[in-house]
Amino acid sequence: MSCLVFKFGGTSVATIERVLHVAKRIQKEKEKGYDIVVVVSAMGKTTDKLVEMAHEIMPNPSKREMDTLLTTGEQVTISLLSMALQSLGLSAQSFTGWQAGILTEGIPSDSRILEIQSENVRKALDKGQVAVVAGFQGVDSNNNITTLGRGGSDTTAVALAAALGAERCDIYTDVDGVYTSDPRYVPKARKLQELSYDEMLELANLGAGVLHPRAVEFAKNYKIPLAVRSSYVEDEGTIMKEEVEVEKDLVVRGVAFMADIVRVTVGYEGNYKGSLVNIFTVLADNHINVDIIVQTILEGVEPSVSFTITKENLADTARVLEANKSKIGYCHVNYEEDVAKVSIVGSGMVSNPGVAAKMFDRLHKENITLKMVSTSEIKISVVIPQESMLLTANALHDEFELAASLAIQV
Ligand code: ASP
Ligand code: MG
């Protein structure tokens, strides 16, 4: 029988009333004759509250204990939702991450799914049960309970869809789809009917927030059709697939932005002979993610390398750089806060020259100071002063005519 995987996020299961609503929604789908797996997040703001409780004890609690703590949130939801389904006369069974065979590797609090041994879930489906699986959690080879990073329930859902050969994975959430930009700050943003995995991957990595980036990676690698839909409104939502069929000629499909970035610039003596990249080994060893990197080596100019990190990582970065000063061999470091990143994304860029020129021209007209630029085949990002972030995002949304498209269907 074909299998569907649904994921319901925290707001969709925030209260008992909503849990019951979700159960009814699942019942409707089950009646269509599908095998159904449901992945859920913790109720409402539960995860945040658990984090706060831990921080009342100490600022930097052990990551292992944090994982054990945070996974309790999802465990509450799976049992309640299973009961809600049973109250409707359906057969349902809950699974924690380890019961569902979700094996992980990597560091606690940001583990990756290594493998899913899905026999237990399969057996439940074969018995006609709805399998209700806790999102965001797994177990490592030492039997530690692990988590997949904030927002990781999406990844659980898509990975399960891949493991079970599901026909589709629907991510039910409090928004009705993926937008051309964040409608809270870009008023003309509108919902997209379709976008490609690659575009979504860029947007998710740029902090669009709708989907956990690794969920999109799984969907792309296993070609799982993925939809983002509203838990409240019956609507198709936004579908992600290999290649879009709607609005094919849209060169840019989304504008993403991220505040609270820090530009770090590390300067070396003029006669420095080592490699400027040693620094990135040190940062990687300390699990500090670096984004845009610009290295300057010019005759007569002091060699330097600039890169961006998130503000969250500033304290760690400063500590690690200071502790490794002689190993890295730099002479000074500068941290520039209050910068932001704005990016345009679209698969059409590959075959349309002049996108960058158009972007820079508009930014020039708006008097935006560019601090860094980075490009990929389907993305151009600029690092700019944070105060210009929303102006930039709205201007680019306008420039690439994202609001005025045929696809506005109400
Ligand atoms: N409950 C976790 C979080 O809030 C995981 C998730 O919702 O995806 O990050
Ligand atoms: Mg989420």
Mean projected area in nm² (Cα convex hull; one quarter of hull surface) for the chain | 21.9
Cross-link reach list, lysines versus LYS325, counting only Cα pairs under 24 Å and skipping chain neighbours closer than eight places | LYS273, LYS311
Using Cα-only point scatterers and the Debye equation, what is log10 of I(q)/I(0) for the stretch 125-273 at each q in 0.09, 0.12, 0.14, 0.19 Å⁻¹, rounded to two decimals?
-> -0.36, -0.59, -0.75, -1.19
Between helix 63-87 and the chain: long-axis angle, C-alpha atoms, 0 to 90°, nearest 10 | 30
For the stretch 75-152, what is the Kirkwood hydrodynamic radius in Å, using each pair of distinct C-alpha atoms?
-> 12.9
Given LYS45/LYS379; LYS28/LYS127; LYS241/LYS341, the pairs whose alpha carbons are separated by over 22 Å | LYS45/LYS379; LYS241/LYS341
Taking the Cα centre of the chain as the origin, how large is its charge dipole in debye, to the nearest 20, when only Lys and Arg (+1) and Asp and Glu (-1) carry charge on their Cβ atoms?
-> 600
Show the residues, 5+ positions off or on another chain, whose built amide H is closer than 5 Å to the amide H of THR146.
-> GLY138, VAL139, ASP140
Within the stretch 210-266, DSSP-loop trypsin sites (Lys or Arg not before Pro) with at most 16 other C-beta atoms within 10 Å are LYS223, LYS248
Mind checking the stretch 104-191 for trypsin sites (Lys or Arg not before Pro) that DSSP puts in a loop (not H, G, I, E or B) and that have at most 10 other Cβ atoms within 10 Å?
-> LYS127, ARG184
Dividing the surface of the Cα convex hull of the stretch 1-160 by four yields a projected area in nm² of 8.6
For the stretch 290-346 the GluC sites (Glu not before Pro) that pass both the DSSP coil test and the at-most-13 other-Cβ-within-10 Å test are GLU299
Mean-square fluctuation maximum in Gaussian network of the chain, Cα pairs under 10 Å, restricted to VAL216, VAL132, VAL264, hits VAL264
GNM top mover of VAL158, VAL255, VAL244 - the chain, alpha-carbon springs below 10 Å | VAL244
So what's the stretch 264-340 giving for Cα Rg divided by 2.2 N^0.38 Å, two decimals?
-> 1.04
Which is farthest toward the positive dipole end of the chain among HIS287, VAL339, LEU90, measuring Cα position about the Cα centre, with Cβ charges +1 (Lys, Arg) and -1 (Asp, Glu)?
-> LEU90
Kindly provide the Kirkwood hydrodynamic radius of the stretch 255-399 in Å, to one decimal, from all pairs of distinct alpha carbon atoms.
-> 16.4
Per-residue ellipticity at 222 nm attributable to helices in the chain (runs of n ≥ 4 DSSP H, -39500 (n - 2.57) apiece, nearest 500 deg cm²/dmol) works out to -10000 deg cm²/dmol
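FYI, it's all coordinate maths here, none of it is from the lab. Owing to the predicted nature of the structure, the values given are computational and were not obtained by experimental measurement. Ideal geometry is used to build each Cβ from the backbone, glycine not excepted, and the neighbour counts take in all protein chains shown.
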